[in-house]
Amino acid sequence: MSFDLNARLAARRAEHLYRQRPLLQSPQGPEVVVDGKPLLAFCNNDYMGLASHPEVIAAWQAGAERWGVGGGASHLVIGHSTPHHALEEALAEFTGRPRALLFSNGYMANLGTVTALVGQGDTVLEDRLNHASLLDAGLLSGARFSRYLHNDCESLASRLDKAVGDTLVVTDGVFSMDGDVADLPGLAKAAKAKNAWLMVDDAHGFGPLGANGAGIVEHFGLGIDDVPVLIGTLGKSFGTAGAFVAGSEELIETLIQFARPYIYTTSQPPALACATLKSLELLRTEHWRREHLTALIKQFRVGAQALGLELMDSFTPIQPILIGDSGRALRLSQLLRERGVMVTAIRPPTVPAGSARLRVTLSAAHSEAQVQLLLQALEQCYPLLGVDESSELDHA
Ligand SMILES: *Cc1c(COP(=O)(O)O)cnc(C)c1O
């Protein structure tokens, strides 16, 4: 009896599923230095280009001068500071909901919310392509857990028929590895018909979607009656870190009382909330960021389709190129990197078996010329992959 970790690691390598962490040696942005090499990158989630924005950095610096560096305690003890509170109020106003609650990150917001709302004797129904943090939350809640077919309201309805107890329907707003958008009006209708609550994790919709960047709910014109539980993360379009839940007074009070990942952790640094307040202001007011991004998405899709690449059903900044085999996806990623372009290969178990892909993401910080360079690199590299499925190259 012993841990044979080497065997597990070797098996992962053999399946082309071994993960490595590229070392980023520059700030986040289109032009980065990774593992000692300058690269043009298309794989971060900084859709609005705010992660290295000078005004956001200045807000963080001023916040640290004013409020210090550490949160110092949990929110319920003495860690809930003025900037945290101001950010919650600004996020409530932004989402048009009575209240918002700040979490340290999206994983914890999802875990805390689902486990506070449902437990033994209840039901949680999730899209089968939901983000791992939502699936983990559902499993850990102790509620009856079932996954419905991707974005399929009929599949959801048939599971709702069998649901017991309080029932929570949970979906990504924009699916993180596919870029498609949840059929929120349909899901909300199905949930309401059975008195279930709909929870939407809009980590990738805040910023790019909606006239003011308020995400998928704004995009579809839905309200708190349709989507009682709305999650946003701050590490993507907001360019900072953290997450929030927006909803009714009772929802937020319930989370403050019962969400363990909220209660038993130190508050995020208050200066970070100062930075996020600034990025929220930029996200809301600088409409050119969304407009420029929309133009880049169109440019990429038209160009990639002309090259015969298999794109997915997405109008969002997430524009995956479907490859299938993990070895081939890795090889294409490597070929691009040799030409100075970085796009990470996404493989199982992050995506379903046989659906490895290059997850291209676009940002308002990219220029048209940079998207053109990406398309040129794809034009050169894609044919080098060939057609055969025998990928002997091991980039582990
Ligand atoms: C990134 C992501 C999360 C996790 O958010 P963090 O703040 O990075 O922990 C949750 N849900 C979705 C859909 C995400 O894409």
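The values are calculated or read from the model by the stated rules, or taken from the named source; none is laboratory data. Only a predicted model underlies this, so the values are computations on that prediction, with no experimental measurement involved. Here Cβ is always computed from backbone atoms with ideal geometry, including for glycine, and neighbour counts include all displayed protein chains. Accessible surface areas use protein heavy atoms only, side chains included; no ligands, DNA or RNA. Shrake-Rupley method; radii C 1.70, N 1.55, O 1.52, S 1.80 Å.
Quick rundown of the values:
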quantity	calculated
Residue among 350, 316, 361 that is open to solvent by less than 20 Å² (accessible area, probe 1.4 Å) and over 20 Å from residue 39 (Cβ atoms)	316
Extreme residue, farthest from the ligand (Cβ to nearest atom), among residues of segment 105-159 that are surrounded by fewer than 19 Cβ atoms within 10 Å (Cβ to Cβ) and of a type in the set (A, V, I, L, M)	157
For residue 335: the one exception among (1) within 21 Å of residue 235 (Cα to Cα); (2) in contact with a Leu (Cβ under 7 Å, 6 or more places away or on another chain); (3) assigned to a helix (DSSP H, G or I)	(1)
Odd one out for residue 67, checked against (1) hydrophobic (A, V, I, L, M, F, W, C); (2) over 30 Å from residue 162 (Cα atoms); (3) touching a helix residue (DSSP H, G or I) at 6+ places or on another chain (Cβ under 6 Å); (4) open to solvent by less than 60 Å² (accessible area, probe 1.4 Å)	(4)
Count of residues meeting criterion [assigned to a loop (DSSP other than H, G, I, E, B) and either in contact with a strand residue (DSSP E or B) (Cβ under 8 Å, 6 or more places away or on another chain) or among the polar types (S, T, N, Q) (or both)] in segment 80-106	5
From the options 90, 62, residue that is assigned by TED's automatic domain parsing to the domain that holds residue 205, aliphatic (A, V, I, L, M) and under 26 Å from the mean Cα position of the chain (by Cα)	90
Residue in segment 191-199 that is closer than 23 Å to residue 281 by Cα, among the aromatic types (Phe, Trp, Tyr), at pLDDT 95 or above and in the same structural domain as residue 131 (by TED's automatic domain parsing) present	no
Residue count for segment 300-331, restricted to those that are over 18 Å from residue 362 (Cβ atoms), aliphatic (A, V, I, L, M) and in a helix (DSSP H, G or I)	2
Every residue from segment 53-79 that is in contact with a Gly (Cβ under 9 Å, 6 or more places away or on another chain) and assigned to a helix (DSSP H, G or I)	56, 78, 79
Residues within segment 34-59 that are small (Gly, Ala, Ser), away from the ligand (no atom under 16 Å from the Cβ) and within 25 Å of the chain's Cα centre (by Cα), tallied	4
Of the criteria (1) within 16 Å of residue 252 (Cβ to Cβ); (2) within 14 Å of the ligand (Cβ to nearest atom); (3) open to solvent by 40 Å² or more (accessible area, probe 1.4 Å), which one residue 102 fails	(3)
